[in-house]
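Colleague: First the structure, then my questions, so here it is.
The values are calculated or read from the model by the stated rules, or taken from the named source; none is laboratory data. A quick note: this is a predicted structure, and the numbers were derived from the prediction, not measured. Ligands, DNA and RNA are excluded from the accessible area calculation, which covers all protein heavy atoms including side chains. Shrake-Rupley method; radii C 1.70, N 1.55, O 1.52, S 1.80 Å.
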Amino acid sequence: FVAVSLEKETHKPFHYLKELPLSPDAEIQLVHMVTENAKIDGMQFALRFLSKEEKQKIEEDVTYKLQSLKNELFSPNSKVTTKVLFDSNIRAAFTEYVSKEKADLVIVATRARHGFFDSSFAQHQVRYSPANVLVLR
């Protein structure tokens with residue numbers, strides 16, 4: 001499973017995926033997590049859940065971007081799928097999803113400038129993922 005942020009700065013390390021000796025039978029899933037409850041309105045934090053229509057629109061937009069990344073990184077005959085998950089706790093939800101799907105490997109990119117991690121998401125996966133974790137930077 002490849003945890004994908006839509007921030008362009010985090011995509012550069014994913015180009016290392018082209019160099020990994022992946023089996024032709026490897027099933028790869030590009031997964032993006034959407035935080036469902038974050039909305040800052042002035043100085044007040046408002047807990048707000050997305051409507052079904054908002055989720056559908058976001059999922060379509062994110063899927064389109066994940067498909068573009070897929071086409072950029074993998075050959076057309078690769079077994080690559082995409083997934084968009086919505087949750088208020090993206091770190092824990094991703095870890096749970098990895099466990100449920102019985103992933104063998106989690107790949108996370110970080111743009112760490114100081115130290116190894118700059119991402120609490122990457123740190124969480126290294127600590128709690130039920131699968132091996134590869135951190136690219």
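Colleague: Under 5 Å between amide hydrogens, which residues at least 5 positions from Leu30 or on another chain qualify, with H placed 1.01 Å from N in the peptide plane?
Modeller: It is Val2, Thr81, Thr82, Lys83, by chain and number.
Colleague: Roughly how much of Ser5 is accessible, in Å² to the nearest 10, using a 1.4 Å probe?
Modeller: My reading of the accessible area for Ser5 is about 40 Å².
Colleague: If Rh is defined by the Kirkwood formula over all Cα pairs and Rg also comes from Cα, what ratio Rg/Rh do you get for the range 50-105?
Modeller: 1.02
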